[in-house]
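Undergrad: One structure, as structure tokens, below. Some questions next.
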Amino acid sequence: MSLQSSNKPGGGLAKRRVIVTGGARGLGAAFVEALAAQGAHVVFGDVLHAEGQALADRLGGDVHFMPLDLADPADIDSFVARAAQRIGGVDAVINNAAITNSGGRFADELSIETWDAVMNVNVRGTWRMCVAVLPFLRESSCGRVVNIASDTAMWGAPKLLAYVASKGAVISMTRSLAREFGAHGITVNAIAPGLTEVEATAYVPAERHAYYQQGRALTRPQVADDVTGPVLFLLSDAARFVTGQVLPVNGGFVMN
Ligand code: NAD
């Protein structure tokens with residue numbers, strides 16, 4: 001592939017072997033659909049089995065759903081082994097799955113159980129997924145990790161502490177893992193989306209939606225497809241020398 005053609009953002013992803021976590025709905029489903037449109041080989045996992053299988057059935061091609069529970073480290077290992085077998089290796093992982101519905105309470109109203117559940121999935125699960133895919137990424141000539149963080153960790157969103165802390169950890173892990181994995185030619189980057197209109201954010205109070213919309217440089221609601229382009233870019237050859245970075249994708253609500 002010539003440098004010119006491989007430098008198209010999002011180009012060159014045909015046959016790329018990609019794992020997506022939390023792909024059954026919302027942003028993860030948008031990433032799966034965008035990858036399918038590029039001709040990538042995709043395995044996506046989720047705890048929402050019926051929704052995940054329905055999406056895979058609808059997309060067809062080399063796009064597969066497999067059950068995955070990121071709260072269970074042994075399940076992560078077995079998911080990655082089966083996924084790699086299914087698509088013949090792994091070139092990239094999009095760590096998108098997260099517990100996203102822990103908001104609405106002040107710090108002193110949060111339960112220990114909620115805190116631990118959020119950390120176990122969003123932080124420990126992301127770490128264990130990165131470790132599980134590492135042997136496969138080492139074998140790839142274009143190893144990529146894209147972590148989906150959140151701009152809430154950058155502006156200090158209130159009444160969302162467990163989630164915000166977990167996304168701050170994802171941003172920090174992105175930087176450290178970029179240095180650890182860089183020795184193998186693997187890039188590790190994070191996208192920090194702003195408040196996006198998906199099923200999961202229907203519970204977010206109208207004032208928070210309005211706060212975002214008024215605070216953006218681009219004053220319209222954010223939709224899932226606003227985030228797919230930047231993710232495809234980070235997976236592409238055009239981003240081959242970009243690593244350890246956090247890219248806010250939020251219409252200019254937070255500027256890095
Ligand atoms: P979502 O809740 O619809 O997506 C999360 C997905 O992860 C769901 O499909 C869910 O079933 C899955 N999941 C949850 N726990 C899991 C587990 N234990 N194992 C496997 N899968 C599990 O919400 P979304 O808005 O589509 O969020 C996708 C990502 O984008 C998340 O990382 C979220 O933090 C991030 N994000 C979203 C927004 C937004 O406004 N929508 C903003 C910033 C960041």
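The values are calculated or read from the model by the stated rules, or taken from the named source; none is laboratory data. On a predicted model such as this, the values are computed, not experimentally measured, just so you know. Glycine gets a Cβ as well: all are built from the backbone with ideal geometry, and neighbour counts include every protein chain shown. These area figures cover heavy atoms from the full protein model, side chains too; ligands, DNA and RNA do not enter into them. Shrake-Rupley method; radii C 1.70, N 1.55, O 1.52, S 1.80 Å.
Undergrad: Taking segment 99-145, which residues are polar (S, T, N, Q), assigned to a helix (DSSP H, G or I) and open to solvent by 20 Å² or more (accessible area, probe 1.4 Å)? Full working, then the answer.
TA: Pass one, segment 99-145, residues polar (S, T, N, Q): 100-102, 111, 114, 120, 122, 126, 140-141.
Filter again for assigned to a helix (DSSP H, G or I), leaving 114, 120, 122, 126.
Matches in segment 99-145: Thr114, Asn120.
Undergrad: Of the residues Ile191, Ile186, only one is under 16 Å from Leu27 (Cα atoms), open to solvent by less than 40 Å² (accessible area, probe 1.4 Å) and of a type in the set (Val, Ile, Thr); which? Step through it out loud before you land on a result.
TA: Numbers: Ile186 fails: under 16 Å from Leu27 (Cα atoms).
From the options Ile191, Ile186, the qualifying one is Ile191.
Undergrad: Any residue at all in segment 228-241 that's under 19 Å from Asn122 (Cα atoms) and crowded, with 16+ Cβ neighbours inside 10 Å?
TA: The initial filter retains those residues of segment 228-241 that are under 19 Å from Asn122 (Cα atoms), namely 231.
Filter again for crowded, with 16+ Cβ neighbours inside 10 Å, leaving 231.
So far as segment 228-241 goes, yes, one or more of its residues are under 19 Å from Asn122 (Cα atoms) and crowded, with 16+ Cβ neighbours inside 10 Å.
Undergrad: Does Ala107 meet the test of being within 15 Å of the ligand (Cβ to nearest atom), of a type in the set (Gly, Ala, Ser) and modelled with pLDDT of 95 or more? Before the answer, list the steps.
TA: Working: within 15 Å of the ligand (Cβ to nearest atom): no; of a type in the set (Gly, Ala, Ser): yes; modelled with pLDDT of 95 or more: yes.
Taking the combined requirement at face value, the residue does not satisfy it.
Undergrad: Hey, can you tell me all the residues within segment 210-227 that are in contact with a strand residue (DSSP E or B) (Cβ under 9 Å, 6 or more places away or on another chain) and either surrounded by fewer than 16 Cβ atoms within 10 Å (Cβ to Cβ) or of a type in the set (Lys, Arg) (or both)?
TA: Correct list: Arg216, Pro221, Val223.
Undergrad: Out of the residues in segment 129-149 meeting the condition of being within 11 Å of the ligand (Cβ to nearest atom) and not β-branched (Val, Ile, Thr), tell me which one is farthest from Asp69 (Cα to Cα).
TA: The residue in question is Ala149.
Undergrad: Looking only at segment 193-214, which residues are more than 7 Å from the ligand (Cβ to nearest atom), outside any helix (DSSP H, G or I) and among the hydrophobic types (A, V, I, L, M, F, W, C)? Even if it seems obvious, please write down each step before you answer.
TA: Filtering segment 193-214 for residues more than 7 Å from the ligand (Cβ to nearest atom) gives 197, 202-214.
If we keep only those that are outside any helix (DSSP H, G or I) too, we end up with 197, 202-205.
Within segment 193-214, Ala202, Val204 qualify.
Undergrad: I would also like to ask the following. So is Ser150 assigned to a loop (DSSP other than H, G, I, E, B) and under 20 Å from the mean Cα position of the chain (by Cα) or not? If you could, list the steps in order and put the result at the bottom.
TA: Numbers: assigned to a loop (DSSP other than H, G, I, E, B): yes; under 20 Å from the mean Cα position of the chain (by Cα): yes.
So Ser150 fits the description; yes.
Undergrad: Still on this structure, I have one more. In segment 10-41, which residue that is assigned to a helix (DSSP H, G or I) and open to solvent by 10 Å² or more (accessible area, probe 1.4 Å) is farthest from the ligand (Cβ to nearest atom)?
TA: Once the filter is applied, the top-ranked residue is Ala37.
Undergrad: Right, next: Of all residues in segment 82-94, how many are farther than 24 Å from Ala178 by Cβ and either touching a helix residue (DSSP H, G or I) at 6+ places or on another chain (Cβ under 8 Å) or open to solvent by less than 20 Å² (accessible area, probe 1.4 Å) (or both)?
TA: Quick first cut of segment 82-94, residues farther than 24 Å from Ala178 by Cβ only: 82, 85-88.
When the remaining residues are screened for being either touching a helix residue (DSSP H, G or I) at 6+ places or on another chain (Cβ under 8 Å) or open to solvent by less than 20 Å² (accessible area, probe 1.4 Å) (or both), the result is 87.
Residues meeting the conditions: 1.
Undergrad: Shifting gears a bit: Are there any pairs, at least 6 apart or on different chains, whose C-beta atoms fall under 6 Å, with the first in segment 244-256 and in contact (Cβ under 8 Å) with a residue 24 or more places away in the chain and the second among the β-branched types (Val, Ile, Thr) and part of a loop (DSSP other than H, G, I, E, B), and if so, which?
TA: Cβ pairs passing all conditions: Pro248/Val254.
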